[in-house]
């Protein structure tokens, strides 16, 4: 196909050149024909230059563009692959984020439940402590009452003894005193 196109192009250029050559010869190279001749030669030179460039560079240009096409195709394939990888990672991270969110909610509920349980435990402990304090206070009060009662009894006995002593001092005469001392001495002597 490439050779066919090159051959057709070469024949076309040859025919155009021959046509200009015949046209220039009919006028003898003068007048309007010379303008056409100059234009024809310039066109011929241009076509020859383009043909020559085509012949020299066509393969390299095609190779460049086909290589570029392959490079672009590979780049697009890599971009599609990276996009799918990025979407996959996005889904993974999204799932991890959802799981983490659920775990955080679960932990929050667990902490909340533990807080309620801890609150109940603190209240129960406080109630037990209050009951124990009441019992201890009652026992201390009872103990203090017994102690105070015993002290009052001891003071009452002491006061009674003092009062009895004073009453005896007032009511006992010297003769009564003497009789009691003799009676005591007699009892002590008899025992020994």
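What the table shows:
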quantity	calculated
Answer from 188, 157 - the residue that is assigned to a helix (DSSP H, G or I), at pLDDT below 90 and surrounded by 10 or more Cβ atoms within 10 Å (Cβ to Cβ)	157
Residue satisfying all of: in the stretch 50-66; closer than 22 Å to residue 13 by Cα and loosely packed, with under 11 Cβ neighbours inside 10 Å; modelled with the highest pLDDT among these	52
Condition check for residue 42: in a helix (DSSP H, G or I), more than 36 Å from the chain's Cα centre (by Cα) and more than 17 Å from residue 9 (Cα to Cα)	yes
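The values are calculated or read from the model by the stated rules, or taken from the named source; none is laboratory data. Remember, it's a predicted structure, so these values are computed and weren't measured experimentally. Quick reminder, even Gly has a Cβ in these numbers, built from the backbone with ideal geometry, and neighbours come from all protein chains shown.
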